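Below is one structure, written out as structure tokens; the observations come after it.
The values are calculated or read from the model by the stated rules, or taken from the named source; none is laboratory data. These figures come from a predicted structure and were not determined experimentally. Please note: Cβ atoms are built from the backbone with ideal geometry, for glycine as well, and neighbour counts cover all protein chains shown. Accessible surface areas use protein heavy atoms only, side chains included; no ligands, DNA or RNA. Shrake-Rupley method; radii C 1.70, N 1.55, O 1.52, S 1.80 Å.
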Amino acid sequence: MTEPIVEMAGVSKRYGDVTALHDVDLRIERGELLAVVGPSGSGKSTLLNIMGTLDRPTSGTLRLDGFDVGALTDRAVSALRARTIGFVFQQFHLARGVPALDVVADGLLYSGQPRGYRRSAAEAALRRVGLGHRLTHRSHQLSGGEQQRVAIARAVLGDPPLLMADEPTGNLDSQAGGVVMDLLRELCAGGTTVVIITHDRDIAAALPRAVRIRDGRI
Amino acid sequence: MRLSLTDVVRVAGFGLRSRPLRVFLSALGIAIGIAAMVGVVGISASSTAELDRRLSAFGTNLLTVAPGQSIGGVNARLPDTAIGMIAAMPGVERVSALGRTEAKVYRNDHLPPEQTGGITVFAARTDLPAVAGTRVTSGAWLNEATANFPAVVLGAAAADRLAVVRTGPGELVWLGGRWFAVVGILAANDLITDLDYGAFVGWPVAAAELAFDGRPTTIYARARENAVTSVQPLLGATANPEDPGEVDVSRPSDILAARQETSKTLGALLLGLGAVALLVGGVGVANTMVISVLERRSEIGLRRALGATRGQIRTQFLSEALLLSLFGGAGGVVAGIGVTAVFATVQSWTTVVPLWAMAGGLAATVVIGGISGFYPALRAARMSPTEALATT
Ligand SMILES: Nc1ncnc2c1ncn2[C@@H]1O[C@H](COP(=O)(O)OP(=O)(O)O)[C@@H](O)[C@H]1O
Ligand SMILES: [Mg+2]
């Protein structure tokens, strides 16, 4: 288990004549807590999308949890994603009008677990993020900070080894943002590798490792 | 990993529940088409069942013989030997007859003579009900005794025109210049209209009181079931050997069969309209699904991030379309049965909706849901996760 969880070599991504990523090499060890920091438009989200297998690089290779992603089919990549990665987005992406418990339980929908297990795991995950008293609340009945914690609970359901958060505090005030950051630190302490994307230098400075990105280069 | 069927249905059901009005309206389109088709099939099946019931009650072996339109056109009659000749034919089981008289019938004796109400007075044989299958709703048919007395049985429409509702010795009508007691009223008969608008008196009393010459104007013959087709072409020549062309032979049950044929044509037309409605409903479902895919890009992206394969996204939207049109189809089948039941009850038929029509209706909706959901589902599956997540 000394193999890195993420290993990118010579990764580039071009959108037409815009080069969003330039020949990026990046290695992330298991259990790291890492920030990717850079100004807006520097290619942070592009980096996360490729690292998270949501998008494929124009050139270069990505090894994730030991698998060469470029060689896998859509099915295999989807399965890898379901098992290995949890995502947290700036815009939470919670289904409207659905109780928190069911939102979180959907985190395991594509993992092959039966529904009863998914729901009890979801309850445990919600308690873990301090929302044990909000199980039946619907997304619009929750504050922004609570919504992001629901999204985190969904992302860590099934204990993926890698958690990726794209501007997780971008839509939150500083206090709610602090709660979310503490939670992510806590998860890392529990053994999860956490990658946080941010444009906020203060947040990055507070983390053990920060990768700076500018114009698609690190 | 594959989703279990219950998960597939649950996810699809959730997708539909989040936009209920639109789902309801597009399901309605399907429902109208299916209801139209099930209704048409149901009504036609109920009408056929009713027809079969009536045919078996009435029998397909009744033949009627009447004089044709003679050149002179007035008071054509059959020879008085015709009854005996027909009764003697092999294959003919029973024979009865009516003879038209010139008498008129009125409610009372001080009405002007031209107010006849279109009622014809017939001399009738006492065995007519047994042959022609007529029934009385009140009183009794003529018998050997009443046939000799001034007694009359009225057809349903005739009783209506004369405003006679009861029968009995005190119930009198003014017939041929004297009082006749109404002893019976016939049940309505839409196959032999003569019987509806007739007033029937006994053969002997007609000869004695109404100047009836004893020559029949309609002969009713019951043939053996297997002899109908061989008897029918010979009836003309048997009834009037000198002038067979002057005789009209008909089979009242043919009228029923012909009616069914016309209702089949109409049914095919309505079925076609139902199919068009169904097609329009299918376009509505496709439209709803295309819009849904566009609106739910971020949901699609999220599901992909959670590990859904393209195939699972495709399945999700396809099963939403299927579920949606299945809702419409089920509603349509129920509505179609309802329409049939209301129509049949109003006609006082038994409601019959063939199982194949219901099953076919549901099967059609599954096909339509599959076709109209296919392209939107393909689009949803083709969407790249990042593109889907980028739009909020
Ligand atoms: N789908 C896309 N099509 C075209 N250009 C894109 C697309 N996604 C990102 N870009 C471009 O790539 C660059 C990096 O974008 P992004 O990774 O979103 O930056 P960040 O997240 O750091 O703000 C930007 O110049 C952006 O305009
Ligand atoms: Mg970004």
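Against the criterion of being within 16 Å of the chain's Cα centre (by Cα) and either of a type outside the set (Ser, Thr, Tyr) or more than 16 Å from ligand 1 (Cβ to nearest atom) (or both), A:PRO161 qualifies. Selection of strands (runs of 3 or more DSSP E) fully inside segment A:22-95 by the criterion of at least 3 residues being open to solvent by 40 Å² or more (accessible area, probe 1.4 Å) returns A:59-64. Listed conditions (1) closer than 19 Å to B:LEU186 by Cα; (2) open to solvent by 50 Å² or more (accessible area, probe 1.4 Å); (3) of a type in the set (Val, Ile, Thr) are all met by B:VAL131, apart from (2). Every listed requirement among (1) over 37 Å from the mean Cα position of the chain (by Cα); (2) open to solvent by 30 Å² or more (accessible area, probe 1.4 Å) is met by B:ALA147 save one, (2).
Of the residues making up segment A:19-29, those that are touching a Leu at 6+ places or on another chain (Cβ under 9 Å) and within 16 Å of ligand 1 (Cβ to nearest atom) are A:ALA20, A:LEU21, A:VAL24, A:LEU26.
Here's the yes/no breakdown for (1) more than 14 Å from every other protein chain (Cβ to nearest Cβ); (2) hydrophobic (A, V, I, L, M, F, W, C); (3) within 16 Å of ligand 1 (Cβ to nearest atom); (4) touching a helix residue (DSSP H, G or I) at 6+ places or on another chain (Cβ under 9 Å):
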residue: A:SER111; (1), (2), (3), (4): no, no, no, yes
residue: A:LEU126; (1), (2), (3), (4): yes, yes, no, yes
residue: A:SER143; (1), (2), (3), (4): yes, no, no, yes
residue: A:GLU146; (1), (2), (3), (4): yes, no, no, yes
residue: A:VAL156; (1), (2), (3), (4): no, yes, no, yes
residue: A:ARG185; (1), (2), (3), (4): yes, no, no, no
residue: A:ILE203; (1), (2), (3), (4): yes, yes, yes, yes
residue: A:ARG209; (1), (2), (3), (4): yes, no, no, no
residue: A:GLY216; (1), (2), (3), (4): yes, no, yes, yes
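With the requirement that a residue be within 14 Å of another protein chain (Cβ to nearest Cβ), within 16 Å of ligand 1 (Cβ to nearest atom) and among the hydrophobic types (A, V, I, L, M, F, W, C), what does segment A:30-66 give you?
A:LEU47, A:LEU48, A:ILE50, A:MET51, A:LEU54
So, A:VAL194, is that one out of contact with any Pro (no Cβ under 7 Å at 6 or more places or on another chain), away from ligand 2 (no atom under 16 Å from the Cβ), more than 14 Å from chain B (Cβ to nearest Cβ) and at pLDDT 90 or above or not? Yes, satisfied.
Going by what's in this entry, would B:LEU270 be described as among the aliphatic types (A, V, I, L, M) and open to solvent by less than 50 Å² (accessible area, probe 1.4 Å)?
Details: among the aliphatic types (A, V, I, L, M): yes; open to solvent by less than 50 Å² (accessible area, probe 1.4 Å): no.
In short, no.
Do you know which of the residues in segment A:187-201 that are away from ligand 1 (no atom under 16 Å from the Cβ) and outside any loop (DSSP other than H, G, I, E, B) is nearest to A:PRO4 (Cα to Cα)? Top of the filtered list is A:THR193.
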